[in-house]
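K.L.:
Sending over a structure as structure tokens; questions will come in a sec.
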């Protein structure tokens, strides 16, 4: 029940950003809440946060925020949530859709006070942006693509803060949720150059079937990930879990990688703005060993495709 409540609290916060309304801050944030963000810097106080998060760009007639890679852990008194949010905002003028889309990771700390959960600290790192950056360039600190992770002072330290280092799965987690979390751990480890997290969901003899580049074995696959990660200052493996099939101690999971800023010859228009564009179709083949789900095989089908779907992880 605690995890469900925490998800609802964060959903309310994101709905506030989407609608530019912040009444929820008074209810869902602790009085001494702290914020550490790449785009606004560090600050505290609920009233200050309301003013800082308020949209200061052009008038919008479209605003949509979607959640991905959503992992929530709790114990009796504290909780943590890692979630990636992709937003598309814009307005139509002269039959043209002017837009900005952006994405980043939230790492949110919760504390339980009496019967209520409150956000005690919120961290945010922007790592994806596309479209008309003039919407926000006057009041956001944008990424420097020459710097690792885009910012000199990136707020999230995976070696200390990765949720899987500090929390275990509680009884609230269903088997389906644990399987979905395999992708979240896989992605987090690559994006944060913390490959112990990725290794934890791969079997020793995992087979990775990548087009024209099949790889056998966990160490070889991790080495490939490291080489790719070291070539890019920013990575975001945003995933939409499309389907999970469980057969006793085996499972198959289909995940679409969402990269709306890398969609080839496609462009965002007023007619397709609700379309989710994906660049990879992953199929994970998993097995359960000692109550843990790990991956034996990953098939990568690479290519841009778009579907209309809502995201409510």
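K.L.:
Quick one: how many residues across region 257-271 are more than 27 Å from residue 154 (Cβ to Cβ) and modelled with pLDDT under 90?
P.N.:
Of the residues in region 257-271, the ones more than 27 Å from residue 154 (Cβ to Cβ) are 264-271.
In the following step, the residues that additionally are modelled with pLDDT under 90 were identified as 264-267.
Number satisfying all stated conditions: 4.
K.L.:
When you go through 207, 195 one by one, which is the residue that is more than 19 Å from residue 67 (Cα to Cα), touching a strand residue (DSSP E or B) at 6+ places or on another chain (Cβ under 7 Å) and touching a residue at least 24 places away in the same chain (Cβ under 8 Å)? If you could, list the steps in order and put the result at the bottom.
P.N.:
On the way: 195 fails: touching a strand residue (DSSP E or B) at 6+ places or on another chain (Cβ under 7 Å).
Only one candidate qualifies: 207.
K.L.:
Among 230, 157, 213, which is the only one that is within 23 Å of residue 126 (Cβ to Cβ) and either at pLDDT below 95 or surrounded by 13 or more Cβ atoms within 10 Å (Cβ to Cβ) (or both)? Reasoning before the result, please.
P.N.:
Details: 157 fails: either at pLDDT below 95 or surrounded by 13 or more Cβ atoms within 10 Å (Cβ to Cβ) (or both); 213 fails: within 23 Å of residue 126 (Cβ to Cβ).
Answer to the check: 230.
K.L.:
How many residues are in a helix (DSSP H, G or I) and in contact (Cβ under 8 Å) with a residue 40 or more places away in the chain if we restrict to region 222-251?
P.N.:
First, pick out the residues of region 222-251 that are in a helix (DSSP H, G or I): 222-231.
Filter again for in contact (Cβ under 8 Å) with a residue 40 or more places away in the chain, leaving none.
Summing the residues that are in a helix (DSSP H, G or I) and in contact (Cβ under 8 Å) with a residue 40 or more places away in the chain in region 222-251 gives 0.
K.L.:
Quick check, is residue 302 surrounded by fewer than 18 Cβ atoms within 10 Å (Cβ to Cβ), in a strand (DSSP E or B) and out of contact with any strand residue (DSSP E or B) (no Cβ under 8 Å at 6 or more places or on another chain)? So that I can check it myself, show each step before the final result.
P.N.:
Values: surrounded by fewer than 18 Cβ atoms within 10 Å (Cβ to Cβ): yes; in a strand (DSSP E or B): yes; out of contact with any strand residue (DSSP E or B) (no Cβ under 8 Å at 6 or more places or on another chain): no.
Criteria not met by residue 302.
K.L.:
May I pose another question? Going through region 118-162 one residue at a time, which ones are closer than 30 Å to residue 196 by Cα, touching a residue at least 24 places away in the same chain (Cβ under 8 Å) and assigned to a helix (DSSP H, G or I)?
P.N.:
Across region 118-162, the qualifying residues are 148, 149, 150, 158, 159, 161.
K.L.:
Okay, moving on. Scan region 245-256 for residues that are touching a helix residue (DSSP H, G or I) at 6+ places or on another chain (Cβ under 9 Å) and either modelled with pLDDT under 95 or within 18 Å of residue 84 (Cβ to Cβ) (or both) and jot them down. Give the steps one after another, and end with the answer.
P.N.:
Taking region 245-256 and keeping what is touching a helix residue (DSSP H, G or I) at 6+ places or on another chain (Cβ under 9 Å), we get 246, 251, 253, 255.
Scanning region 245-256 gives 253, 255.
The values are calculated or read from the model by the stated rules, or taken from the named source; none is laboratory data. Since the model is a prediction, treat every value here as computed from it, not as a measurement. With ideal geometry, Cβ positions are generated from the backbone for all residues, glycine too; neighbour counts draw on all protein chains shown.
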